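Okay, structure first, notes after.
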Amino acid sequence: MIDLVDLSIQYSGRYLFDNVNLRINKEDKIALVGANGSGKSTLLKLLKGIETPESGKINCSKNISIGYLPQEFINQSKRELFDEVKSSVKIISEISKEEERLNSKLLEENLSTDKKDIILEKLGELHHRKDEINFYEMDSNIESVLMGLGFTVKDFKRKTSEFSGGWQMRIELAKILLSEHNLILLDEPTNHLDIDSLQWLIEYFKKFNGSLLIVSHDRFFINAVTNKTIEIFNYKVSYYNGNYEAFLNFKEERDEQLIATFKNQQKKIKQTERFIERFRYKNTKAKQVQSRVKQLEKLDKIELPEFESEIKIRFPEAERSGAVPVNIEDLSMSYDGSKFVFDNLDFQIERGDKIAFVGPNGAGKTTLSKIIAGQLTQTSGDVKKGHNTHISYYSQEVADDLNLEKNIIEVLSEVSTEYTENQLRTLMGSFLFHEDDVFKKIRVLSGGEKSRVALAKILLTKANLIVLDEPTNHLDHNSKLVLQEALINFNGSLVIVSHDIDFMKPVINKVFEIRVESKKVFLGGIDYYLSKRQELLEEDLISKTTSNDSEKISKKDQKRIEAEIRQKRHKATKDLKAKIEEYELKIEELENLKTTLESELGKEEVFSNPALSKEKNQQYEETKENLEEAYLHWTELTTELEEIESSFE
């Protein structure tokens, strides 16, 4: 499908890779790996045609379509979300324009029978093409993809430019997924996804019958999706048959072998150099000396790449907190005074808890973490810090609070006086700041670099409760391992908001699932949560405790109470249920009408009659709009009903 032939590229006199020969086949699912700065993103840009190689060429099959998701993307479009995504599906746009053009042609006066027949034949081919690509199902496909990526029906009418950077990336990803590309190139696609949308994307790619080339530090994601691995290493690009986990096992053996070969060669070089030095001025050995000099000159010397040394960083020993570092009672939080993110939430962090906050974006994970850390004030309720509780907080915004005029070492030295400069430099090396990088002023750092400095500060604090909001977004594999190991050994309590399943697995011992409709604690790690999430019913368990002095409720009284509750529930939901039934009937009618119109639009007697075709298309668009509006009202009413029903449980 795609062949890279003798491909080379360099920046500032240094090759990223040289003389690369590689083939990407149809349906290959590939993880692209390598150290930071090795050229992974550059290779994606070369394949997309954004950059040009210094030498060599890229041969693509005819009519190949390539989708590309960069790490950063901002869309300033004024279109509504649904229209923006639909307009990006090229084939839909092309067919619609061509159909409109042909229908206009049919309306021309003095059109000969032969020309009319030709146009009708083209319209027939066009409608046959519509059937092939499921033209009339595209709207439902768009809805499915957008909702899979975390958007709601209410979002469909919002302007694209209103969404934040993370949601902008999801919009761009939706466009790519819907465009039926032969090859999709993804550069860190999971940074802005929650666990729900991550799981959805994994299932989507498992069924995708095109090719994938993915750069990602999310091991769980690429292990689940890919079956081959391409590595950029020592300026070469190599291909491995197997997923990332299998590649890491190979890499460990390869690196050990490379180091052993290097040491053996160095030993032989030193022996040869000693011989030359010893007998350089002896005439009887002149021929042998010259022979060895030539051997050294011709020797293909092995150069070791910069291996990441095994760095272990530990948090300073945290002071022991009380048994309950944070106790939350009747917490309510509203940003606009009406819609509550939380309402009467009770939650407790116990000493030694390492809790993951998981759930869809917008459900309140970050809000709750900020309230716990004292970054936000709740609308009502109590957040009580326990005895001797000291909290440290990390989020993307925290990076903006760094002193811009100080360098990295100075910023870290302010946090901890116990570490020497060399120890601080070692720490920053694990966060990708090498040699003189540590003397850079904060103001010249990128957003990602500032985030890594803020994260290093957290490692040096003496807090006994650490709150981390998406800490791994700007870390490579080795840096994540350093942070992961430090969190495993941390003797305090931890709250982490993250979608990085592989990172959380060995760290956490409790999961708090936060959804709009429910809040639930799972007493186990992330694997336990993922399995239980598939099995458990969405219902709250009601427990009643009575003391020895309390009177037991008789069966007769119990039945009376239950009857009263049923009456109240019926009265509170009667009108609402009637409205929901009305909308369900309306939706059924509109769905049937939509199906009928789709069938009629494919008939020759309709598409061959421009006036009738236009009338049917207009009726079809109105039906879709009415159906979408009916679904929106139905969703709002059923949500209201669920809230009322839950209040009676």
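The values are calculated or read from the model by the stated rules, or taken from the named source; none is laboratory data. Here the structure is a predicted model, which is why all the values come from computation and not from measurement. Glycine gets a Cβ as well: all are built from the backbone with ideal geometry, and neighbour counts include every protein chain shown. Protein only, heavy atoms only, side chains kept; ligands, DNA and RNA dropped before computing areas. Shrake-Rupley method; radii C 1.70, N 1.55, O 1.52, S 1.80 Å.
Can you quote the Å³ per residue value for the convex hull of the Cα atoms in the stretch 122-173, rounded to an integer?
105 Å³
Give me D for the stretch 241-386 in µm² s⁻¹, whole number, from Stokes-Einstein with Rh from the Kirkwood sum over alpha-carbon pairs, 20 °C and 1.002 mPa s.
Translational D for this selection: 95 µm²/s.
Hey, if you drop one equal point scatterer on each alpha-carbon of the chain and run the Debye formula without solvent, what base-10 log of I(q)/I(0) do you get at q = 0.08, 0.11 Å⁻¹?
The computed values of log10 I(q)/I(0) come out as -0.80, -1.27.
Of the listed peptides 340-349, 610-619, what is their order by residue-averaged count of other C-beta atoms within 10 Å, with the highest listed first? Each step should come with its number before you reach the end.
Numbers: 340-349: 17.6, 610-619: 15.2.
Going from most to least packed, we get 340-349, 610-619.
Taking the solvent-accessible surface of protein heavy atoms with a 1.4 Å probe, what is the per residue accessible area of the chain in Å²?
Heavy-atom SASA per residue in the chain reads 55 Å².
Of the listed pairs 594/614; 574/594; 339/510; 510/532; 175/603, which have alpha-carbon separations greater than 19 Å here?
Values: 594/614 15 Å; 574/594 30 Å; 339/510 28 Å; 510/532 13 Å; 175/603 30 Å.
In this structure, 574/594; 339/510; 175/603 exceed 19 Å between Cα atoms.
Using only DSSP helix segments of four residues or longer, with each worth -39500 (n - 2.57), what per-residue ellipticity at 222 nm results for the chain after dividing by its residue count and rounding to 500?
-15500 deg cm²/dmol
Under the Karplus relation 6.51 cos²θ - 1.76 cosθ + 1.60, θ = phi - 60°, what is the ordered set of whole-Hz ³J(HN,Hα) values for the stretch 408-422, x standing for Gly and Pro?
4, 4, 5, 4, 6, 5, 5, 7, 9, 8, 7, 9, 7, 4, 4
Can you give the alpha-carbon Rg of the stretch 176-279 over 2.2 N^0.38 Å, where N counts its residues?
Taking N as the residue count of the stretch 176-279, the ratio is 1.64.
At q = 0.20 Å⁻¹, what base-10 log of I(q)/I(0) does the Debye formula yield for the stretch 54-150 when every alpha carbon is treated as an equal point scatterer in vacuo?
-1.12
In whole percent, how big is the carbon plus sulfur part of the accessible area of the chain, probe 1.4 Å, protein atoms only?
46 percent
When the gyration tensor of the stretch 1-67 is built from Cα positions, what are the square roots of 5 times its three eigenvalues, in whole Å, from largest to smallest? Spell out each step's value before the answer.
Numbers: eigenvalues 82, 39, 23 Å².
Result for the stretch 1-67: semi-axes of 20, 14, 11 Å.
What is the sum of charges, Lys and Arg at +1 and Asp and Glu at -1, for the other residues whose Cβ falls under 15 Å from the Cβ of residue 9?
With Lys, Arg at +1 and Asp, Glu at -1, the neighbours total +2.
Amide H of residue 332: which non-local residues (sequence gap of 5 or more, or other chain) have their own amide H closer than 5 Å, using H built in the peptide plane?
HN-HN under 5 Å from residue 332: 344, 345, 379, 380, 381.
Distance cut-off 20 Å, Cα to Cα: go down the list 385/462; 354/519; 57/207 and report the pairs above it.
57/207
Report the equivalent ellipsoid semi-axes for the stretch 467-532 in whole Å, largest first, defined as the square roots of five times the eigenvalues of the gyration tensor built from alpha carbon atoms.
21, 13, 11
Using θ = phi - 60° and the Karplus curve 6.51 cos²θ - 1.76 cosθ + 1.60, what whole-Hz ³J(HN,Hα) does each residue of the stretch 616-621 get, with Gly and Pro shown as x?
These are the phi-based 3J(HN,Hα) values: 5, 5, 5, 5, 5, 5 Hz.
Residue 443 to residue 113: FRET efficiency via 1/(1 + (r/R0)^6), r the Cβ-Cβ distance, R0 56 Å, to the nearest 0.05?
In this case the efficiency is close to 0.15.
Give me the orientation-averaged projected area of the Cα convex hull of the stretch 399-487, in nm², one decimal.
Mean shadow area of the hull around the Cα atoms is 5.5 nm².
Go through 90-102, 511-523, 207-219, 455-467 and give me the packing order, highest mean Cβ count within 10 Å leading. Walk me through the numbers before you get to the answer.
Working: 90-102: 14.5, 511-523: 17.2, 207-219: 19.8, 455-467: 21.8.
In descending order of packing, they fall as 455-467, 207-219, 511-523, 90-102.
Ordered by residue, what ³J(HN,Hα) values in Hz, to whole numbers, does the stretch 624-635 give under the Karplus form 6.51 cos²θ - 1.76 cosθ + 1.60, where θ = phi - 60° and Gly and Pro are x?
Karplus-based 3J(HN,Hα) across the stretch 624-635 equals 4, 5, 5, 5, 4, 5, 5, 4, 4, 5, 4, 4 Hz.
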